[in-house]
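Engineer: Could you have a look at this structure, given as structure tokens, before my questions?
The values are calculated or read from the model by the stated rules, or taken from the named source; none is laboratory data. Just so you know, these numbers come straight off a predicted model, no measurement behind them. Here Cβ is always computed from backbone atoms with ideal geometry, including for glycine, and neighbour counts include all displayed protein chains.
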């Protein structure tokens, strides 16, 4: 009988300290997340030094909890997976150091995981039938990419943002209209009360690069609109601004995803990352896929934001390929997808 493979996974790339136990790459036995959102709300965004300190305080408790919830001991674990980039360097270092310590003490294999590969892999958890090849739209606070998933662990980036990521733009616009942090969920909620056709904000098209994104223009357009209203003594409707802004961003995301699917003849599309939790994006992407006879996949909301279960899934497939890392593994804050360090 084939032995089950258990991965203990650790994620600490930003402001969530997370640990999970994943079996055979598709079954999550535990997924523990200690969020710092309430703390960083005080500052209007993530403060890297504070995030790193909180990771140090929380990480041992989170790992212990993950093992207990999975009814698993370290002796039962086959490998340790950990995010080593991209992300905040101080935050990443906490997780990497912890994973290396556990791997050394238990003599278990160590597998470094690219954070974006984790987000893509989140789609495998509940979509048991999903296998490469497919097209993924990754939308988060730090990333906006269109990625061809050619095989497990094999990716080609065909589109990316030239400036702000979609989630970053959501946060900045939310702050500008007084909604606070985190911006994505707040804009999603207030947009339900607004008229998305009230204001026509721009969509950026980059000549010669049809699948690339740019959100600095729409962000600036929102700020200019608010400033113009203030100078004229006109009141603003926060819900209309939020709805119109969100419509511009999501229209851009979906139209370019569909264009890429047609270009590369992709019949399966998945979304991933924190902004993949946006209700309008999920609804409209599903409708666009139906119109174009494309299968649509999306993780549950808990697997859209940063979590360790997705890292465990990615680590499982790297484990099967023979990827192993040494104790010299280091955090790489600007790690590019496809440039991972792989030691066989």
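Engineer: Answer with yes or no whether residue 33 is touching a residue at least 40 places away in the same chain (Cβ under 8 Å), touching a strand residue (DSSP E or B) at 6+ places or on another chain (Cβ under 8 Å) and under 30 Å from residue 176 (Cβ atoms). Please lay out each step first, then the result.
Structural biologist: On the way: touching a residue at least 40 places away in the same chain (Cβ under 8 Å): yes; touching a strand residue (DSSP E or B) at 6+ places or on another chain (Cβ under 8 Å): yes; under 30 Å from residue 176 (Cβ atoms): yes.
Answer is yes for this residue.
Engineer: What is the number of the single condition among (1) more than 13 Å from residue 25 (Cβ to Cβ); (2) modelled with pLDDT of 95 or more; (3) touching a strand residue (DSSP E or B) at 6+ places or on another chain (Cβ under 6 Å) that residue 114 does not meet?
Structural biologist: (3)
Engineer: With the checklist (1) touching a helix residue (DSSP H, G or I) at 6+ places or on another chain (Cβ under 7 Å); (2) more than 16 Å from residue 115 (Cα to Cα); (3) part of a loop (DSSP other than H, G, I, E, B) in hand, flag the one item residue 299 doesn't pass.
Structural biologist: The single condition residue 299 does not satisfy is (2).
Engineer: Now a separate question. Which one of 272, 298 is within 25 Å of residue 24 (Cβ to Cβ) and crowded, with 23+ Cβ neighbours inside 10 Å? Step through it out loud before you land on a result.
Structural biologist: Working: 298 fails: crowded, with 23+ Cβ neighbours inside 10 Å.
Of the residues listed, the single one that is within 25 Å of residue 24 (Cβ to Cβ) and crowded, with 23+ Cβ neighbours inside 10 Å is 272.
Engineer: Could you go through segment 236-248 and let me know if any residue there is closer than 21 Å to residue 159 by Cα, buried (at least 20 other Cβ atoms within 10 Å of the Cβ), out of contact with any helix residue (DSSP H, G or I) (no Cβ under 9 Å at 6 or more places or on another chain) and assigned by TED's automatic domain parsing to the domain that holds residue 148.
Structural biologist: The answer is no, given that none of the residues of segment 236-248 is closer than 21 Å to residue 159 by Cα, buried (at least 20 other Cβ atoms within 10 Å of the Cβ), out of contact with any helix residue (DSSP H, G or I) (no Cβ under 9 Å at 6 or more places or on another chain) and assigned by TED's automatic domain parsing to the domain that holds residue 148.
Engineer: Given the structure, is residue 201 in contact (Cβ under 8 Å) with a residue 12 or more places away in the chain and more than 19 Å from residue 140 (Cα to Cα)? Show your work before the answer.
Structural biologist: Details: in contact (Cβ under 8 Å) with a residue 12 or more places away in the chain: yes; more than 19 Å from residue 140 (Cα to Cα): yes.
Spelling it out, residue 201 is indeed in contact (Cβ under 8 Å) with a residue 12 or more places away in the chain and more than 19 Å from residue 140 (Cα to Cα).
Engineer: If you check 256, 268, 290, which single one turns out to be farther than 30 Å from residue 173 by Cα, in contact (Cβ under 8 Å) with a residue 60 or more places away in the chain and assigned by TED's automatic domain parsing to the domain that holds residue 222?
Structural biologist: Values: 256 fails: farther than 30 Å from residue 173 by Cα; 290 fails: in contact (Cβ under 8 Å) with a residue 60 or more places away in the chain.
Just one listed residue meets the conditions, 268.
Engineer: Answer yes or no: is there a residue in segment 238-255 that is in contact with a strand residue (DSSP E or B) (Cβ under 7 Å, 6 or more places away or on another chain), under 30 Å from residue 37 (Cβ atoms) and modelled with pLDDT of 95 or more. Show your work before the answer.
Structural biologist: Taking segment 238-255 and keeping what is in contact with a strand residue (DSSP E or B) (Cβ under 7 Å, 6 or more places away or on another chain), we get 252-253.
Those still in the list that are under 30 Å from residue 37 (Cβ atoms) too: 252-253.
Checking the rest, the ones that are also modelled with pLDDT of 95 or more come to 252-253.
Among the residues of segment 238-255, at least one is in contact with a strand residue (DSSP E or B) (Cβ under 7 Å, 6 or more places away or on another chain), under 30 Å from residue 37 (Cβ atoms) and modelled with pLDDT of 95 or more, which makes the answer yes.
Engineer: For the condition touching a helix residue (DSSP H, G or I) at 6+ places or on another chain (Cβ under 8 Å) and farther than 23 Å from residue 186 by Cα, what is the one hit in 305, 257?
Structural biologist: Details: 305 fails: farther than 23 Å from residue 186 by Cα.
Testing whether each residue is touching a helix residue (DSSP H, G or I) at 6+ places or on another chain (Cβ under 8 Å) and farther than 23 Å from residue 186 by Cα leaves just 257.
Engineer: Turning to a different aspect of this structure: Please enumerate the residues belonging to segment 52-84 that are within 19 Å of the chain's Cα centre (by Cα) and modelled with pLDDT of 95 or more.
Structural biologist: 81, 82, 83, 84
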